[in-house]
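See structure below.
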Amino acid sequence: IAGVIRGKLIYFIIAFAGTSLILNMLPQVFLYVKIFGIGFILYSAVRLIIAGLKTGLSAAEPVVLKQSRSNLFFQGFITHMANPKAFIFWITVLPGFINTKSNPSLQLTQLGFLAIGMDTIVLTSYSLLANYTLKNLPGRSQRLQYLISGLILTAVAVWLFFI
């Protein structure tokens with residue numbers, strides 16, 4: 001979790017600089033960035049729903065590997081930094097929440113720290129839930145997680161479209 005959050009912080013800094021530049025120099029581009037972000041959210045939602053529909057109700061027991069904390073940190077950091085979807089999120093989705101009539105830099109900073117704080121809570125919760133499901137609910141839980149996550153992302157995309 002700490003490695004992923006460190007990667008998110010780096011992506012936030014890059015996105016903050018790029019989004020501020022776009023909003024200050026080319027405000028008309030902002031609409032297209034927002035539309036692309038909504039499209040990306042819908043694409044992710046559809047993929048999750050399809051994965052949920054394809055996932056069988058009885059999955060084999062997953063294998064649990066023991067690793068050192070430093071190795072897990074490095075693995076989380078590298079995985080996040082190498083994930084193009086994570087970077088696309090920061091440069092497309094985050095700007096969709098900006099009100100261009102007030103201070104964009106302040107809003108980006110607030111949204112960035114809010115997103116990182118929420119991600120820390122969510123990732124910790126996922127970790128605890130994954131540990132529980134690994135031991136107690138193999139199969140069905142993954143299917144349900146994909147379907148619910150896909151529906152939530154769809155709702156977020158629709159909401160962003162109308163704000």
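For the condition open to solvent by less than 60 Å² (accessible area, probe 1.4 Å) and modelled with pLDDT of 80 or more, Gly76 does not qualify. Of the residues making up segment 96-127, those that are of a type in the set (Ser, Thr, Tyr), in a helix (DSSP H, G or I) and touching a residue at least 40 places away in the same chain (Cβ under 8 Å) are Ser105, Thr109, Thr120, Thr124, Ser127.
What pairs can you find where one residue is in segment 141-157 and touching a residue at least 12 places away in the same chain (Cβ under 8 Å) and farther than 16 Å from Ile38 by Cα, the other is aliphatic (A, V, I, L, M) and buried (at least 17 other Cβ atoms within 10 Å of the Cβ), and their Cβ atoms are less than 8 Å apart, with a gap of 6+ or different chains? Partner pairs satisfying both residue conditions: Tyr146/Leu48; Tyr146/Ile49; Leu147/Leu48; Leu147/Ile49. Quick one: how many residues across segment 99-128 are at pLDDT below 75 and of a type in the set (A, V, I, L, M, F, W, C)? Residues that pass the stated criteria total 0. Based on what the data block shows, is Leu42 farther than 25 Å from Thr120 by Cα, at pLDDT 80 or above and not acidic (Asp, Glu)? No: the conditions fail for Leu42.
The values are calculated or read from the model by the stated rules, or taken from the named source; none is laboratory data. Being a predicted model, the structure only gives us computed values, none of them experimental. Virtual Cβ from ideal backbone geometry, glycine too; neighbours counted across all protein chains shown. For the accessible areas, the whole protein counts, side chains as well, though only heavy atoms, and no ligand, DNA or RNA atoms are used. Shrake-Rupley method; radii C 1.70, N 1.55, O 1.52, S 1.80 Å.
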